[in-house]
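Following: one structure in C-alpha cells, then a few remarks.
The values are calculated or read from the model by the stated rules, or taken from the named source; none is laboratory data. Computed from a predicted model, the values in this text were never measured in an experiment. Glycine gets a Cβ as well: all are built from the backbone with ideal geometry, and neighbour counts include every protein chain shown. Ligands, DNA and RNA are excluded from the accessible area calculation, which covers all protein heavy atoms including side chains. Shrake-Rupley method; radii C 1.70, N 1.55, O 1.52, S 1.80 Å.
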Amino acid sequence: MPLVNTKEMFKKAYEGGYAVGAFNVNNMEIVQAITEAAKLENSPVVLQVSAGARKYAKHNYLVKLVEAAVEDTDLPIALHLDHGDSFEICKACIDGGFTSVMIDGSKYSYEENVELTRRVCEYAHNHVPYVTVEGELGKLAGIEDDVNVSDEDAQFTDPDQVYDFVTRTGVDSLAIAIGTSHGAYKFKPGQKPRLRFDILDKVSEKLPGFPIVLHGASSVMQEYVKIVNEHGGKMPDAIGIPEEMLREAAKKAVCKINIDSDLRLAMTASIRQHFDEHPDHFDPRQYLTDARNNLRNVVQHKIKEVLGSSNKA
C-alpha cells in the first residue's frame, strides 16, 4: 500500500465517530513506535513532520523512514507537514513526497490567511497525486518548535468565518482553536482546562460533514512527569487536556487530533530512568529500545482510549 492522503481517512472518521491520531515524528525510533502501535490496533495514522523536525532529521530521511513504515505495516498512513508557515515550505513538501500539508496562516490578517491558504490548495490539488491541505483559523497559545503564541495573542475560532474561509480557500480540513494549546505547560496553577464545545458545535453547523482538526491535544501524562522528576528532572506541575474531553471531540466533527508533547515526555522519561538504573550503559540501542517501547505503549493507549480508531484501518 502506498502513502495515502487524508481525504478518505477523514471521511471514514467523521462517519464513524472517531479521530485519527496525528503524531509528530523526528527519528526512526519514534516512527517505529507509532506504527507498531497502529499495527497492533489496526488503526490508520498520520505521521506529521514539523519545520523543526525537517531541519533536524532532513526531509529525505524522514520520507524514507515513513515509506519503510508503510511497507512494514501495510497500514493507511499519511505523511503530513505540520504548521507550514509559507507557500515555499508547503511546495517543497508536496514536491518531495508528502501526501498532506498544513498551511498555517493564522498569524496573518484574515484576508492574507485566505489568500495564502488558497494558493497552497491550488498547487496541492493540481499535483499528481492529489495532496490534501489543512488550514487554520484562530490562534492556539503555547510553544512547540517554531510555533510561539502568547496567552494574550491567543484567539478562539470565529464560527461565522469558517464557511467563507473553507469555500474561498478549498481546504480539505480545518484546524480550529477551542481551548487546546501547544506544549506541555498548557494551563496556569488553579486554571482548569476546558474545551469550547459550543464553538465546535457551531462550526459543525456551518460546515456539516467537514473534518475538523485539534492541535495541542496532549494530556501531559502525569506518570511520565513523575518519572522525569524522580530521575533528575525539574518539570513543574503541568495539566494537559483531559482525555475524556478529547474523546468527546472525536465523537463529534473532530477527525484529526495532534499529539506530540506526550510522546516527547514519554521518551525523555524512559531515557532518564534508563541511565539512572544503568549508569554504565553507553550503547544507544539499549536506552532507545526502552524509549521506543514506552512510546508504543502511549500511542496504543491513545488509539484505544482517546481516538477510538482501533480496527478502523
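Residues Glu277, Glu36, ordered by accessible area of protein heavy atoms at a 1.4 angstrom probe radius and largest first, appear as Glu277, Glu36.
Within the listed set Leu81, Leu214, Leu200, the residue fluctuating most in the Gaussian network model of the chain (springs between alpha-carbon atoms under 10 angstrom) is Leu200. Build a GNM of the chain with springs between Cα atoms under 10 Å apart, and of Asp164, Asp280, Asp201 the one that fluctuates most is Asp280.
Its residue count N fixes a reference of 2.2 N^0.38 Å for the chain, and the Cα radius of gyration divided by that reference is 0.95. For the range 1-144, a/c is not less than 1.5, where a ≥ b ≥ c are the root eigenvalues of the C-alpha gyration tensor, and a/b tops b/c. That puts it in the prolate class. Anisotropy class assigned to the range 1-52 is prolate, per the alpha carbon gyration tensor with a/c at or over the 1.5 cut-off and a/b larger than b/c.
Work out which chymotrypsin sites (Phe, Trp or Tyr not before Pro) in the chain are exposed loop sites (DSSP not H, G, I, E or B, at most 14 other Cβ within 10 Å) and give the longest gap free of them.
Result for the longest clean stretch: 131-281.
Shape of the range 51-125 from the C-alpha gyration tensor: prolate (a/c of 1.5 or more and a/b above b/c, with a ≥ b ≥ c the square roots of its eigenvalues). Entry note: the range 169-313 has Rg to Rh equal to 1.05, where both radii use alpha-carbon atoms and Rh is the Kirkwood radius.
The alpha carbon radius of gyration of the range 67-106, expressed as a multiple of 2.2 N^0.38 Å, is 1.32. Ranking Ala53, Gly179, Cys90 by Cα position along the charge dipole of the chain, where only Lys, Arg, Asp and Glu carry charges on their C-beta atoms, puts Gly179 farthest toward the positive end. Here the relative contact order of the chain, from alpha carbon pairs under 8 Å that lie six or more residues apart, stands at 22 percent. Within the accessible area of the chain, the carbon and sulfur atoms contribute 50%, probe 1.4 Å, all protein chains present. Placing a label point 7 Å from the Cα of Glu230 along the Cα-to-Cβ line, the residues of the range 250-276 whose backbone N sits under 20 Å from it are 262-276.
Per residue, the solvent-accessible area of the chain (1.4 Å probe, heavy atoms of protein chains only, all protein chains present) comes to 44 Å².
Ellipticity at 222 nm from helices only: DSSP H runs of n ≥ 4 in the chain, each -39500 (n - 2.57), divided by the residue count, give -14500 deg cm²/dmol.
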